[in-house]
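Structure first, then comments.
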Amino acid sequence: MSNETHVLDSPPPGSSDWTVPQDWAHFTAEEHATWDTLFARQAKLLPGRASEAYLRGLDVLKLSKPGIPDFEELSERLMKLTGWQVVAVPGLVPDDVFFDHMANRRFVAGNFIRRPDQLDYLQEPDVFHDVFGHVPMLADPVFADYLVAYGQGGQRALSLDALKYLGRLYWYTVEFGLIAEPEGLRIYGAGIVSSAAESRFALDDPSPNRIGFDLRRVMRTEYRIDDFQQNYFVIPSFDELLRVTVETDFAPLYDEISALPDIAIAAFEPDDVVISRGTQDYAKSRRAAILG
């Protein structure tokens, strides 16, 4: 199963919303062991690096239980906390399907896991990325509401042909976001917390820029999908992230930024709040992060 592509052109037979039964029993002992290996590595690395909200979610959802989580058990715990549930999908779903699930407090998670030789990188999001990376943050009421607002905004962005701009917001927050906490910068983005190498790189390495979050700035900024990030945006709090999202009328904002040039990766703008200016010695830093 893990040798297949998980980018699909049509929904599974008989499923109009692209979901499938998790069928927890179909996972093999090797696949459960892969989860346990990844979990143990990240659980050891993340204290002192991940946000308080993420670590709290990891604990309250009991994700330390051995093996790939059973979505029914996980959803039962999550529903009691924030009204969310986790639903299985066979692979990447279309944008409109993704946004509809999110707007209705359903988080879609890939129903497959990477092979043992893919521990450090997988192009398609698997159950470890989706559940270990994303789901702990859904236990936080404020962040859970942010994702609902994002799902609703995604539906509108599709109708306004502005998905490129809203996609950047997701990338630089939900996937690769940093937060300023009293003890220092912490990670909360799923793309970071699910990656051993980027968990170190995002906080410790001198190469990337770390810039204060600004909605317009983020939505104009290009990103890379094939490697570590060269920009990380730092939010002051989840409350502020939610406030900006729900109080902004995105339609005129899309019109405004569509008339402006995109901001290149690693570039600075005059109004940037620079938390740390990166050296951009990217190749050297990447090797160091991977080697640990």
- Message: Quick check on my filter: what residues within segment 240-275 are under 17 Å from R210 (Cβ atoms), of a type in the set (V, I, T) and open to solvent by less than 40 Å² (accessible area, probe 1.4 Å)?
- Response: I263
- Item | For Q85: the one exception among (1) out of contact with any strand residue (DSSP E or B) (no Cβ under 7 Å at 6 or more places or on another chain); (2) free of Cβ contacts under 8 Å to residues at least 40 places away in the same chain | (1)
- Query: Given the residues A29, A103, A40, which is the only one that is under 17 Å from L138 (Cβ atoms) and either in contact with a strand residue (DSSP E or B) (Cβ under 6 Å, 6 or more places away or on another chain) or open to solvent by 10 Å² or more (accessible area, probe 1.4 Å) (or both)?
  - Reply: A103
- Note on the structure: Taking first residues from segment 94-105 that are under 12 Å from A157 (Cα atoms) and second residues anywhere that are open to solvent by less than 60 Å² (accessible area, probe 1.4 Å), the pairs with Cβ under 8 Å that are 6 or more apart or on different chains are D95/G154; D95/L163; F99/G151; F99/G154
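State yes or no: is D214 more than 18 Å from the chain's Cα centre (by Cα) and over 23 Å from D271 (Cβ atoms)? Outline the logic, then answer.
Numbers: more than 18 Å from the chain's Cα centre (by Cα): yes; over 23 Å from D271 (Cβ atoms): no.
Answer is no for this residue.
So which residues in segment 211-249 are closer than 21 Å to G184 by Cβ and assigned to a loop (DSSP other than H, G, I, E, B)? Walk me through it before giving the result.
If we filter segment 211-249 for residues that are closer than 21 Å to G184 by Cβ, which is where we start, we get 211-214, 228-241.
F213, D214, F228, Q229, Q230, P236, S237 - these are the residues of segment 211-249 that are closer than 21 Å to G184 by Cβ and assigned to a loop (DSSP other than H, G, I, E, B).
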- Which of the following residues is touching a helix residue (DSSP H, G or I) at 6+ places or on another chain (Cβ under 7 Å), closer than 22 Å to Q229 by Cβ and touching a residue at least 12 places away in the same chain (Cβ under 8 Å): L158, L163, L138? L163
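Taking the condition without any contact (Cβ under 8 Å) to a residue 60 or more places away in the chain, under 25 Å from V97 (Cβ atoms) and crowded, with 21+ Cβ neighbours inside 10 Å, does F176 pass? Write out each step before concluding.
On the way: without any contact (Cβ under 8 Å) to a residue 60 or more places away in the chain: yes; under 25 Å from V97 (Cβ atoms): yes; crowded, with 21+ Cβ neighbours inside 10 Å: yes.
Spelling it out, F176 is indeed without any contact (Cβ under 8 Å) to a residue 60 or more places away in the chain, under 25 Å from V97 (Cβ atoms) and crowded, with 21+ Cβ neighbours inside 10 Å.
Name the one entry in D145, D161 that is farther than 23 Å from S64 by Cβ, surrounded by fewer than 17 Cβ atoms within 10 Å (Cβ to Cβ) and of a type in the set (D, E). Even if it seems obvious, please write down each step before you answer.
Numbers: D145 fails: surrounded by fewer than 17 Cβ atoms within 10 Å (Cβ to Cβ).
Among D145, D161, only D161 is farther than 23 Å from S64 by Cβ, surrounded by fewer than 17 Cβ atoms within 10 Å (Cβ to Cβ) and of a type in the set (D, E).
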- Task: Could you give me the residue pairs with C-beta distances under 8 Å whose first residue belongs to segment 109-129 and is assigned to a strand (DSSP E or B), whose second residue is of a type in the set (G, A, S) wherever it lies, and which are 6+ apart or on separate chains?
- Result: A109/A88; G110/A88; G110/G91
- Query: Any idea how many residues of segment 44-76 are at pLDDT below 95 and open to solvent by less than 50 Å² (accessible area, probe 1.4 Å)?
  - Reply: 1
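The values are calculated or read from the model by the stated rules, or taken from the named source; none is laboratory data. Everything quoted here is computed from the prediction, not taken from an experiment. Neighbour counts are summed over all protein chains in view; Cβ atoms, including those assigned to glycine, are modelled from backbone coordinates with ideal geometry. Surface areas here come from the heavy atoms of the whole protein model, side chains and all, with no ligands, DNA or RNA. Shrake-Rupley method; radii C 1.70, N 1.55, O 1.52, S 1.80 Å.
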